[in-house]
1. Do we have residue 335 as assigned to a loop (DSSP other than H, G, I, E, B) and within 16 Å of ligand 2 (Cβ to nearest atom) here?
2. Take the residues in segment 315-326 that are buried (at least 21 other Cβ atoms within 10 Å of the Cβ) and farther than 18 Å from residue 199 by Cβ, then tell me which one is nearest to ligand 2 (Cβ to nearest atom).
3. So, in segment 87-126, of the ones that are among the hydroxyl-bearing types (Ser, Thr, Tyr) and open to solvent by less than 10 Å² (accessible area, probe 1.4 Å), which residue ends up farthest from residue 318 (Cα to Cα)?
4. Is it the case that residue 315 is over 30 Å from residue 398 (Cα atoms) and at pLDDT below 95?
5. On the given criteria, is residue 226 among the charged types (D, E, K, R), more than 27 Å from residue 181 (Cβ to Cβ) and more than 14 Å from ligand 2 (Cβ to nearest atom)?
6. Would you tally the residues in segment 61-92 being over 14 Å from residue 210 (Cβ atoms), touching a Leu at 6+ places or on another chain (Cβ under 8 Å) and in a helix (DSSP H, G or I)?
7. With respect to residue 375, determine if the residue is over 13 Å from the mean Cα position of the chain (by Cα), buried (at least 23 other Cβ atoms within 10 Å of the Cβ) and either farther than 29 Å from residue 436 by Cα or within 14 Å of ligand 1 (Cβ to nearest atom) (or both).
Amino acid sequence: MAACGVGLLIRLSLRVQRSQVQRPLRRLLSCPGTVAADLRREEQSSGNAETGSEDRTPKKRFSVVQNERREQAQRTVLIHCPNNINEKKFLKFLSQHGPVNTHFFYESFGLYAVVEFCQKESVTSLQNITRTPSLGPEAAIPFKSRYFNLKLRTSVNQTSELSSIQCSNQSSPSSKKLYQLLCCAESVDDQLNTLLREFQLTEENTRLRYLTCSLIEDVAAAYFPDCAVRPFGSSVNSFGKLGCDLDMFLDLDEIGKFTAQKTSGNFLMEFQVKNVPSERVATQKILSVIGECLDQFGPGCVGVQRILNARCPLVRFSHQASGFQCDLTANNRIALKSSELLYMYGALDSRVRALVFSVRCWARAHSLTSSIPGAWITNFSLTMMVIFFLQRRSPPILPTLDYLKTLADAEDKCIIEGHNCTFVRDLNRIKPSGNTETLELLLKEFFEYFGNFAFNKNSINIRQGREQNKPESSPLHIQNPFETSLNISKNVSQSQLQKFVDLARESAWILHQEGKDRPSPSSNQPWGLAALLLPSVTNNVPLSKKKKKPASERIKNLLDSIKSSGAENSTATNGRRAISTQA
Ligand code: CTP
Ligand code: MG
């Protein structure tokens, strides 16, 4: 996971789509200070083609999005620019090679431009006029990539040139800004949607992720022409937070596929190949050479580590220009399929992503998750827990994987390495849920549900959407949806699980107490999600005041009593609160 905080400087010419339904700005605009102004700017300029918590437009299939983005990335170049570049002249220079479709600037240890041409030929034309630098005493390894360095032949008047670049910071907000934004919200539901909007990947960040994969593909293609490097995980499953790592896999499945189909008559041609004892050894060998190649020749690839003995062998490196921490694997089609499944779940109901983002941020704020591998719960596991919880609502908000399988047609059929990964891929064939529960209620109930979950005997299983006996003794058991014998949270220790349970109970308690006794807006006390999320806030004031650190057993009993008496509340709240103009 990279905590890179890439600051993107966006040129507004980027054609972004806006979600159809915009959240009312009335409350936000009444907030004092810069936060409201920031928000207004973002409401006006932001948009995400595949996301947006209230977007009701028909969603594209995952494979369609992947193919479009990949093709777009192949027409795109990355250029390191001098800080005093003149944007107009820069575009004029580039358009000699063909029309530019979109472009934007970002900052990451220097100024970079991402330029998408209308045609692929323009990239070749630009490469043809590009030279390999002469570096004085050092020697350059010549590599004709799509990552360029632009130099100015003559120096220019810096002040007049600088004003032509528009800047916009795309990194996630600081804790302070987030706190202000959440306190300005008009309801807990509004807080969850605000958090989603602030943390989700932007259009530009998504483009940069696909471009980075495409640049790595160029390097891998030196060994394996016709290979593809595909992003998966949170970069594409719609649950990625700004700064999340870039998971990618080297797809060699396409090699030789089409040629084989074209063969006719009684002859069958096969490539002469080297054989190795197993698929795993083949993957290790392939990743070993690609890792070496990235290390020695890959422009901008630094800190390359080959972690080949892991269950899923990988090459980890930093892509300096984009700032992404990258994990490259090979033959990882099942993980791509689970990214597709999560993408579908995220697109089915606007509450899913808002809830997942809040739970992920809550877990991060309380150090339940970490960027360092260890005995902690991962974001992937948390997402599965939210999906499972939403399958358990009455009526369910999300369908089970088994149900999605029953809706599949012949084209959806997918078997990978003997595992049945079939489910319907056309989102429009899945009926929306009739459940109208608010995000506030769902968040509270999520914490209650998992604060009381029988982790000692039950497993979480989104395929069937019901609790099952644990097949093994790991403290936390979450079944991998496709490789059903695997536990995706096998790494989680008993103490980390207990920490999660304790915090879930505390958070349910805070939200329940708040429902009865929400701090007055003038008290300037954090409320709702802000009270749960910000460690500085929860450590200092309200938790200790409200409950004098109750033992987790006491909270559990209280929650039980809430449960039995709270049925009438469960449908009544609409998540609104008194509107205040105080930040
Ligand atoms: N994955 C899996 N089983 C695991 C861990 C990961 O199948 N035990 C797959 C999932 O498809 C996951 C992807 O690998 O989405 C990438 O893993 P990871 O980077 O850990 O999770 P992300 O979902 O990308 O979340 P994050 O934002 O934390 O990177
Ligand atoms: Mg990831």
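1. So residue 335 fails the test.
2. 326
3. 122
4. Against the criterion (over 30 Å from residue 398 (Cα atoms) and at pLDDT below 95), residue 315 does not qualify.
5. When the stated conditions are applied, residue 226 passes them.
6. Selection size over segment 61-92: 1.
7. When the stated conditions are applied, residue 375 does not pass them.
Let's see how each residue does on (1) outside any strand (DSSP E or B); (2) assigned by the TED database to the domain that holds residue 482; (3) open to solvent by 30 Å² or more (accessible area, probe 1.4 Å):
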site	(1), (2), (3)
388	yes, yes, no
425	yes, no, yes
445	yes, yes, yes
455	yes, yes, no
459	no, yes, no
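The values are calculated or read from the model by the stated rules, or taken from the named source; none is laboratory data. Keep in mind it's a predicted model, so treat the numbers as computed, not measured. As a convention, Cβ positions derive from the backbone with ideal geometry for all residues, glycine included, and neighbour counts pool all protein chains shown. Side chains are part of the model used for accessible areas, which takes the heavy atoms of the whole protein and leaves out ligands, DNA and RNA. Shrake-Rupley method; radii C 1.70, N 1.55, O 1.52, S 1.80 Å.
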